[in-house]
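> Before anything else, here's the structure in question.
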Amino acid sequence: MSVTAYTFADPWWLAALLALPLLVWIRGRRGAPVLVVPFAGAWHRPTFIPTSRWPAAFALTGLVLLIVALARPQIVEDKREVKQQGYDLMLAIDLSGSMLAEDYERGGDRINRLQAIKPVIQAFITQRTSDRIGLVVFSGRAYTLAPLTFDHDWLARQIERLKIGLIEDGTAIGDGLGIALTRLEQAGREEGNRRKGAFVVLLTDGANNRGLLTPEQATEIAKSRGVPIYAVGAGRDGLVPMPVFDDNGNKIGYRRAISDLDEGQLRAMADATGGKFFRAADSDTIEKAFAAIDHAQKIEFQAKSYLITTELFAWFAAPGTALLFLGALVALPPQLPARRRKEAAA
């Protein structure tokens, strides 16, 4: 990272610029002494009186540039060399049908669980600019929607496109976590069999009921690789309002469904891997959960800072000197013809 600034090493020279208009004004108002000499016309010699203001303009501009040069203008660039790397993290998001339960509110309107978590996840991604983030989605099966990437704007657009029904229904928590761990394994930051600087955020609202890999098996893999699991349990307990749709996909009403979140299993997964479990029963607790994860797994960068100074003296001194010299040349009187020189000498 670098910050560029323009400054003057000796700014007190700039005070001379303020004095120039005053000196010109005083010189214009100063009277000239008059000496009366008899027969002064006999002593007259033709002289050159410049009629152009260019010599004065050149000289004044040159003087201003020289004063600026004496103030030593500089370009100061503050460069910071960051040595430490960010985290690699995978988001494993549940897209099962139960995520349609509308037990959250925003602005007084009822929203479903997926609508509640989308903006929170997008904000979470935006705040972690130095991390590589990937996305796994799961329902009855698990798929990689985005590998680890620094392109967070693209990743946020993929999250915006998430909707229920992309995958066959079910809750394959073990498979979702397993694929997330596989993606972290491919990142190439292992020391021995331990994964450094990585973690998984698992968000689900149900209990595992599908898939080839059990949550316990996935937890053992994460534990053996040193990857913490931060589990977020979405939705309220008990009966929740589940929307009912017609054949055209229009919502025609609600039915009551039982929330089947397995909080004990999620808590055990987090504790076994050194992560943490969060219960997100409403929009506020979802935001607090992701804020806590962000705080717990945030790298404080230690940067080496140094200054690079570029002197701009020559850029002002050279044209200033040239203009003063040009003004002196323009102010020189023209050469008189030889005959006029003899008449002037007579």
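The values are calculated or read from the model by the stated rules, or taken from the named source; none is laboratory data. Being a predicted model, the structure only gives us computed values, none of them experimental. Please note: Cβ atoms are built from the backbone with ideal geometry, for glycine as well, and neighbour counts cover all protein chains shown. Protein only, heavy atoms only, side chains kept; ligands, DNA and RNA dropped before computing areas. Shrake-Rupley method; radii C 1.70, N 1.55, O 1.52, S 1.80 Å.
> Heavy-atom accessible area per residue, region 64-184, 1.4 Å probe: how many Å²? Spell out each step's value before the answer.
On the way: 4930 Å² over 121 residues.
Averaged over the residues of region 64-184, the accessible area is 41 Å².
> If you take the Cα atoms of region 249-288, find Rg, then find the Kirkwood Rh from the mean of 1/r over all pairs, what is Rg/Rh?
Rounded to two decimals, Rg/Rh equals 1.17.
> If the only charges are +1 at each Lys and Arg Cβ and -1 at each Asp and Glu Cβ, what is the size of the charge dipole of region 113-231 around the Cα centre, to the nearest 20 debye?
Numbers: 16 positive and 13 negative charges, 39 e Å.
For this selection, approximately 180 debye.
> Please work out the FRET efficiency for the pair E263 and A318, using the Cβ-Cβ distance as r and a Förster radius of 51 Å; give the result to the nearest 0.05. The partial results should precede the final answer.
Working: r = 76 Å, r/R0 = 1.49.
After rounding, the FRET efficiency stands at 0.10.
> Give me the net charge of D260's neighbourhood, meaning all other residues with Cβ under 11 Å from the Cβ of D260; Lys, Arg count +1, Asp, Glu -1. Write out the running numbers ahead of the final one.
On the way: positive: none; negative: D205, D237, D262, E263.
Net charge in that neighbourhood comes out at -4.
> Express the carbon and sulfur contribution to the solvent-accessible surface of region 80-187 as a percent, rounded to the nearest whole number, probe 1.4 angstrom.
Values: 1980 of 4590 Å².
Answer for region 80-187: carbon and sulfur cover 43 percent of the accessible area.
> Right, another one. Measuring from centroid to centroid over Cα atoms, what is the spacing of region 227-296 and region 109-179 in Å?
A separation of 14 Å, based on Cα centres.
> If packing is taken as the mean number of other Cβ atoms within 10 Å per residue, what is the order of 261-267, 197-203, highest first?
Values: 261-267: 17.6, 197-203: 25.1.
Ranking the peptides 261-267, 197-203 by packing returns 197-203, 261-267.
> When the chain is fully extended, how far beyond the present Cα-Cα distance does A291 get from D247, taking 0.36 nm per residue of separation? Walk me through the intermediate numbers first.
Values: separation 44, 0.36 × 44 = 15.84 nm, distance 3.97 nm.
The A291-D247 span can extend by a further 11.9 nm.
> Which FRET efficiency value, to the nearest 0.05, is calculated for D282 and T7 with the Förster distance at 45 angstrom and r the Cβ-Cβ distance?
Taking R0 as 45 Å, the efficiency between D282 and T7 is 0.30.
> Going by average Cβ density within 10 Å per residue, which order do the peptides 268-278, 134-144 take, highest to lowest? Mind showing how you got there, number by number?
Working: 268-278: 19.5, 134-144: 21.5.
Most protected by this proxy first, the peptides run 134-144, 268-278.
> At what distance in nm do the modelled label points of R110 and A207 sit from each other, each positioned 7 Å from its Cα along Cα→Cβ?
2.6
> Take A328 and R256, extend 7 Å from each Cα along the Cα→Cβ direction, and tell me the distance between the two endpoints in nm.
Here the answer is 10.2 nm between the modelled labels.
> Another question about this same structure. What ranking do 59-67, 244-252 get when scored by the average of other Cβ atoms within 10 Å per residue, highest first?
Values: 59-67: 18.1, 244-252: 8.6.
Result, highest mean first: 59-67, 244-252.
> To continue, here is another question. At 0.36 nm per residue, minus the direct Cα-Cα distance, what do D271 and A123 gain on full extension? Give it in nm, one decimal, please. All intermediate terms of the calculation are to be shown ahead of the outcome.
Numbers: separation 148, 0.36 × 148 = 53.28 nm, distance 2.58 nm.
Extra length available between D271 and A123 comes to 50.7 nm.
> Still on this structure, please answer the following. On full extension of the chain, what length is gained from Q217 through D169, given 0.36 nm per residue of separation minus the C-alpha to C-alpha distance? Could you put the intermediate results ahead of the total?
Numbers: separation 48, 0.36 × 48 = 17.28 nm, distance 2.17 nm.
Here the segment from Q217 to D169 would lengthen by 15.1 nm.
> OK, next. When DSSP assigns beta bridges and you keep just the ones with both residues in region 137-254, what percent turn out antiparallel, to the nearest 5?
Numbers: 7 of 12 bridges.
Of those bridges, close to 60 percent are antiparallel.
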